[in-house]
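**Student:** Have a look at this one before I ask anything.
The values are calculated or read from the model by the stated rules, or taken from the named source; none is laboratory data. All of these numbers come straight from a predicted model, not from anything done at the bench. Using ideal geometry, Cβ is built from the backbone for each residue, glycine included, and neighbour counts are taken over all protein chains shown.
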Amino acid sequence: MIIRNAMLQQGLCDIQVADGLIKEIAPVRTLPSADEDYDAEARIVIPGMIDPHVHMRCPGMENKEDWVSGSWAALAGGVTTVFDMPNSLPATENLEALELKRLAAAKADEAAASGGYAVPGRMYWAGCSPETVQLLPELLCEADVAGLKLFFSETSSNSSSTDINFISRAFAAAAEAGKPVAVHSELGALLNGGSECSSYLESAPLIQHNSRRPAGAAVAGTALALELAAVAGCRLYVCHISTMAEFAMIRKHKEAYGADSVYAELTPHHLLLDENHIVKGGFDSWAKVNPPLRSIADREAAAEALLDGTVDVIGSDHAPHLLTDKTMDTRDFHECPSGFPGLETELGFIAGFLKAEVPGNESEWIGRLCRLTSSRAAEIFGLSGLGEIKAGNRADLTILNGPQRVDSDGFMTKAKYSPFNGMKSDISVYKTIVGGKIIGQ
């Protein structure tokens, strides 16, 4: 196959694909005809997105998402590789649980084989608790295990602990394995300690949620993780950073210990939304998430960190729940689970933000987009053959298009809601190519 008239960072090119790999990149109209020609019509083509932060919810919570629906959501969003978090049922804390997760994911392979399409590549995060930390060395040796994920507070079906001896032992195991440690850094001991509002008439529910999970809990947890990672000599991956203070700490840590001592992940919702957000045509509960949407100042700090290079990667924190569980009257706001789908919206909004904010010509913001959504993740996690459009790499590509308004009713995920519902992104995903197979929208 030849993809013709593809607008790459370096300009308009043709891309030859064979056996699932990129064979050649050439000036337009210089490659011979092929059995299959696809005209990209000068649309921007980037490496398929690598999303290191996805909750596929299975095994154990297939009513919320499974690997078939989640894979389709990824493809719809231009995501060609996903990293699944360990808080499934059972949690991925031993080899047996990992094998159950692989078997659940294999159902997507079976569906793809029968339907003649491809599914995203996948990696898994290992979890652990004080009771299972001794199993980490063998779990981290698995080739499809990206690293270790620790939670410093309870969220959906996870083990959490802030015991220093446990964390130090887990960090040491990751350092020995040469794999990073991802942390959800909100300290459980500091949650629910914010100023309480006496009624919903006094403050919007999202602001109340922020007060119950104060910024200080995330800041303290990130500070703890940075200190212990420096002692253990492990690489730290801080998930969904949401506060100005965390970005400042990470800048200093990178300066002191090097760019690969800590990796900063940013979600589109912490970049573009804040605690004053009102969901168009939906419910405030749709935007309830952990860590919460923060203040305007924190959101502006996230934008600064993205533009100055502090942020390494974009992660969706795709965390689907049933619409019936998320669509509640505001009086029941605190019973509503935190999290929302993000695979189908992340790339368009990040691309649109960079197009508007990165100075220079088109190649400048396209280059930043490629690094944030693919090449940096490939470097961090050692994913050879991914992250760049070059000869010899896997033909995982995403073709971008013009503006599109989010309509969560049409999502591929089982979770048909979004805090971005009704919002327009200046860029959207047109088609996704996985291993040389085109999946249309």
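**Student:** Tell me whether segment 420-432 contains one or more residues that are touching a residue at least 24 places away in the same chain (Cβ under 8 Å), of a type in the set (A, V, I, L, M, F, W, C) and within 20 Å of residue 40 (Cα to Cα).
**Tutor:** Scanning segment 420-432, I find at least one residue that is touching a residue at least 24 places away in the same chain (Cβ under 8 Å), of a type in the set (A, V, I, L, M, F, W, C) and within 20 Å of residue 40 (Cα to Cα), so the answer is yes.
**Student:** Still on this structure, please answer the following. Among the residues of segment 249-263, write down those that are surrounded by 23 or more Cβ atoms within 10 Å (Cβ to Cβ) and of a type in the set (A, V, I, L, M, F, W, C).
**Tutor:** 250, 262
**Student:** Ok, one more. Among the residues of segment 384-398, how many are out of contact with any Gly (no Cβ under 7 Å at 6 or more places or on another chain), among the hydrophobic types (A, V, I, L, M, F, W, C) and crowded, with 23+ Cβ neighbours inside 10 Å?
**Tutor:** Of the residues in segment 384-398, 1 are out of contact with any Gly (no Cβ under 7 Å at 6 or more places or on another chain), among the hydrophobic types (A, V, I, L, M, F, W, C) and crowded, with 23+ Cβ neighbours inside 10 Å.
**Student:** Would you check which residues across segment 213-248 are in contact with a Ser or Thr (Cβ under 9 Å, 6 or more places away or on another chain), closer than 21 Å to residue 188 by Cβ and surrounded by fewer than 19 Cβ atoms within 10 Å (Cβ to Cβ) and list them?
**Tutor:** Answer for segment 213-248, where residues must be in contact with a Ser or Thr (Cβ under 9 Å, 6 or more places away or on another chain), closer than 21 Å to residue 188 by Cβ and surrounded by fewer than 19 Cβ atoms within 10 Å (Cβ to Cβ): 216, 223, 224, 245.
**Student:** Using the structure shown, decide if residue 184 is of a type outside the set (Phe, Trp, Tyr), modelled with pLDDT of 90 or more, crowded, with 19+ Cβ neighbours inside 10 Å and at positive phi.
**Tutor:** When the stated conditions are applied, residue 184 does not pass them.
**Student:** When you go through 179, 107, 149 one by one, which is the residue that is among the basic types (Lys, Arg) and within 17 Å of residue 90 (Cβ to Cβ)?
**Tutor:** Of 179, 107, 149, the one residue that is among the basic types (Lys, Arg) and within 17 Å of residue 90 (Cβ to Cβ) is 149.
**Student:** Tell me, yes or no, whether segment 242-265 has at least one residue that is charged (D, E, K, R), outside any loop (DSSP other than H, G, I, E, B) and closer than 19 Å to residue 349 by Cα.
**Tutor:** Yes; the residues of segment 242-265 include at least one that is charged (D, E, K, R), outside any loop (DSSP other than H, G, I, E, B) and closer than 19 Å to residue 349 by Cα.
**Student:** State all residues of segment 187-239 that are at pLDDT below 95, hydrophobic (A, V, I, L, M, F, W, C) and assigned to a helix (DSSP H, G or I); if no residue qualifies, say none.
**Tutor:** Matches in segment 187-239: 189, 190, 206, 207.
**Student:** Out of 69, 88, I need the residue that is of a type in the set (Gly, Ala, Ser), touching a residue at least 12 places away in the same chain (Cβ under 8 Å) and not in a loop (DSSP other than H, G, I, E, B). Which one?
**Tutor:** The match here is 69.
**Student:** For the subset of segment 290-318 comprising residues that are closer than 15 Å to residue 247 by Cα and hydroxyl-bearing (Ser, Thr, Tyr), which member is modelled with the highest pLDDT?
**Tutor:** Only one residue fits best here, namely 310.
**Student:** I'm told residue 404 meets every condition in (1) at pLDDT 95 or above; (2) out of contact with any helix residue (DSSP H, G or I) (no Cβ under 9 Å at 6 or more places or on another chain); (3) over 23 Å from residue 3 (Cα atoms) except one. Can you identify the failing condition by its number?
**Tutor:** Condition not satisfied by residue 404: (2).
**Student:** Something else now. If you check 74, 106, which single one turns out to be modelled with pLDDT of 95 or more, buried (at least 23 other Cβ atoms within 10 Å of the Cβ) and in a helix (DSSP H, G or I)?
**Tutor:** Matching residue, one of 74, 106: 74.
**Student:** Then there's this: Got a sec? Which of 24, 96 is out of contact with any helix residue (DSSP H, G or I) (no Cβ under 6 Å at 6 or more places or on another chain), surrounded by fewer than 24 Cβ atoms within 10 Å (Cβ to Cβ) and outside any strand (DSSP E or B)?
**Tutor:** 96
**Student:** How many of the residues in segment 117-126 are hydrophobic (A, V, I, L, M, F, W, C) and not in a strand (DSSP E or B)?
**Tutor:** 2
**Student:** Could you please give the count of residues in segment 271-304 that are farther than 22 Å from residue 424 by Cβ and within 18 Å of the chain's Cα centre (by Cα)?
**Tutor:** The number of residues fulfilling the criteria is 4.
**Student:** Hey, can you tell me all the residues within segment 397-423 that are in contact with a Leu (Cβ under 7 Å, 6 or more places away or on another chain) and among the basic types (Lys, Arg)?
**Tutor:** 416
**Student:** Inspect segment 301-308 for any residue being buried (at least 22 other Cβ atoms within 10 Å of the Cβ) and out of contact with any Leu (no Cβ under 9 Å at 6 or more places or on another chain) and give the result as yes or no.
**Tutor:** yes
**Student:** In segment 362-402, what residues are of a type outside the set (Asp, Glu), under 19 Å from residue 306 (Cβ atoms) and more than 21 Å from the chain's Cα centre (by Cα)?
**Tutor:** Hit for segment 362-402 is 363, nothing else.
**Student:** If residue 129 meets every condition in (1) of a type outside the set (Asp, Glu); (2) more than 28 Å from residue 387 (Cβ to Cβ); (3) at pLDDT 95 or above; (4) part of a loop (DSSP other than H, G, I, E, B) apart from one, which number is that one?
**Tutor:** (3)
**Student:** I'd like the residue in segment 314-353 that is surrounded by 21 or more Cβ atoms within 10 Å (Cβ to Cβ) and aliphatic (A, V, I, L, M) and, out of all such residues, is farthest from residue 66 (Cα to Cα).
**Tutor:** 351
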